[in-house]
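Only one structure is covered here, and it is reproduced in the block below.
All of the numbers you see were taken from the coordinates with simple rules; none came from a lab. Predicted model, so just to flag it, every value in this text is computed and none were measured. Here the Cβ positions follow ideal geometry from the backbone for every residue, glycine too, while neighbour counts run over all protein chains shown.
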Amino acid sequence: MLRTGKEHLESLRDGRAVYVGSDKVDDVTSHPAFRNAAQTVAAIYDMKADPANRDDMTFEEDGGRHAIYFLRARSREDLQRRMIGHKRIADLTYGMFGRSPDHVASFVTGMAMKRDELKPPCGNPDNLLNYYRHIRDNDVYTVYAVVPPQAARNPEFYHRQNIPVPTLRVVREEDDGVVIAGMKMLATGAIFANEIWIGNVIPLAPEQKKEAITCAIPCNAPGLQLWSRQPTETGCMSEFDSPLAWRYDESDSMLLCDDVKVPWERVFVHDDALLSRDIYIKTPSHCFGNHQSNVRYWSKMRLLVGLCSKIAHATGADQVPAVKETLGRVSAQEAMIAGMVNGQINAFEPWPGDGYVCFNRRMMYGALEWCTQNYSKFVDDLRELCGGGVFQMPANISVMNDADLARSFQTFWQTPQCDAVTRMKLFKLAWDMVGSEFAGRHQQYEKFYAGASFIIRNHSYRETDWGAFNGIVEDLMAGYDHLPSAKSAAA
Ligand SMILES: Cc1cc2nc3c(=O)[nH]c(=O)nc-3n(C[C@H](O)[C@H](O)[C@H](O)COP(=O)(O)OP(=O)(O)OC[C@H]3O[C@@H](n4cnc5c(N)ncnc54)[C@H](O)[C@@H]3O)c2cc1C
């Protein structure tokens, strides 16, 4: 089944408990903080359901037609199809939706390709497969909260005060399921999603058994609250003044569970701290999910390169040799991520077991590390090209509502390259990428969405065949010894 945008919006009117400060949101599809981003999510669903996009965006399996990101890949061509689907979704939001519906779906799909890693008795491979089928067949939008709340690492502090440790855990087992309580960070997109996957992508200590719970809950589960950060949409004067914040704020929420019941059939791992992390890295899950992130980043880089070029033209600096060099550099960086995405497909890896294949893991982690480390630098290139132009513009476009001000604005703000309104439109867009609240959130997102940098580097370390690298050095060293070489012997 493929949902339309309208059907998806309908599914969000389900009584979920969303808070913006003390404001309880009744309907996320019409609330001023969320309505435009909700429409963006609806547009993704409509694009997927459009028969004109059938080949790129869908596949057939088990008698139904499904979103392409549920495809369990058996060949290089399947991986290519997945990438094209991610790219079309990312292009629709210019890479601004990190947790679009294809992100966590890719984690679950990758896990379903090697479900026997969910080893009983603590893991449940059948529940996982059934969940995969449920979200695939009903076109469900799932997001995740898979990191403990920051600074809650010292249980003693809470024990001393006789208050609960805030980290989400199982507090009770009942005949028909488990009861969970506590917090988890940071469910990006949950406000626009149907389900939340709860788990642990960061290793737990073996004794943290009760925190190891890996499960899925609906966004309207009784006892669940979503505490939103400050939404960017509410700070916008107009779409013209803040074009990205207006439409593309995907939202981030803390998850607060007050005795939420999870039926056994939605529990995937229980009481095994090591297994709760292994299920991502011993299956294609982590690689599938983060390949989507690489593709999304590529879309964002394309917008960034376009903005650098347009801004340089608007300031009249585009023909200066040093500026051309900057443009050549940012273009090379876009080509780099394009190459890294395609390389992961060309150097794909068979996954041992059931005949499935995966993107090249080392190349995926290489791209992830590169993306995470460089986003702020790329944004800074655009910042430098903007100069003070962003603050030369009036506070907002309402100047055009006053005939005298409008005349002055159009007369004095025009340049040989641009009329005043077009120029302002471009610089406002650039500011939403470089300096606005929305831009700041994106810089934080690109640094941390896959974990802090040491986590990403540990993934890269783990996947490296160090024997191969050591072997190169050993081979080279084996080609000579301490005996005099022919040259020194002749001398
Ligand atoms: C915008 C945004 C969206 C997010 N969306 C999601 C989401 O959808 N789902 C989700 O589950 N999570 C999400 N996250 C959370 C994200 O996964 C975490 O922020 C990330 O894992 C880092 O964890 P932390 O915030 O607890 O930082 P910490 O782990 O506390 O790290 C803070 C700093 O300390 C350093 N540090 C800490 N420990 C070490 C160490 N042992 N060695 C070296 N340096 C160390 C880190 O490098 C970092 O610079 C999101 C985060 C952001 C910012």
| request: Give the range 140-190 a look and list any residue that's within 23 Å of the chain's Cα centre (by Cα), exposed (fewer than 14 other Cβ atoms within 10 Å of the Cβ) and more than 11 Å from the ligand (Cβ to nearest atom), or say none. | output: none
| request: Would you mention how many residues in the range 67-88 are part of a loop (DSSP other than H, G, I, E, B) and over 23 Å from A347 (Cα atoms)? | output: 0
| Number of the condition not met by G440 [criteria: (1) surrounded by 14 or more Cβ atoms within 10 Å (Cβ to Cβ); (2) under 22 Å from the mean Cα position of the chain (by Cα); (3) not hydrophobic (A, V, I, L, M, F, W, C)] | (1)
| Index of the failed condition, P203 passing every other in (1) surrounded by fewer than 16 Cβ atoms within 10 Å (Cβ to Cβ); (2) more than 15 Å from the ligand (Cβ to nearest atom) | (2)
| field | Residue within the range 412-423 that is in contact with a helix residue (DSSP H, G or I) (Cβ under 6 Å, 6 or more places away or on another chain) and surrounded by fewer than 17 Cβ atoms within 10 Å (Cβ to Cβ) present | value | yes
| field | Hits in the range 131-166 (condition: within 30 Å of M113 (Cβ to Cβ), not basic (K, R) and not in a loop (DSSP other than H, G, I, E, B)) | value | Y131, Y132, H134, I135, D137, T142, V143, Y144, A145, V147
| task | Would you mind listing the helices (runs of 4 or more DSSP H) fully within the range 1-66 where at least 3 residues are in contact (Cβ under 8 Å) with a residue 60 or more places away in the chain? | result | 5-12, 35-49
| field | Single condition G440 does not satisfy, out of (1) away from the ligand (no atom under 16 Å from the Cβ); (2) out of contact with any helix residue (DSSP H, G or I) (no Cβ under 8 Å at 6 or more places or on another chain) | value | (1)
| If the Cβ limit is 6 Å and pairs must be 6+ apart or interchain, which residue in the range 185-212 that is among the β-branched types (V, I, T) pairs with which residue that is near the ligand (Cβ under 9 Å from one of its atoms) and assigned to a helix (DSSP H, G or I)? | I196/A190
| From the residues in the range 449-485 that are touching a residue at least 40 places away in the same chain (Cβ under 8 Å), within 16 Å of the ligand (Cβ to nearest atom) and not small (G, A, S), which one is farthest from N360 (Cα to Cα)? | Y449
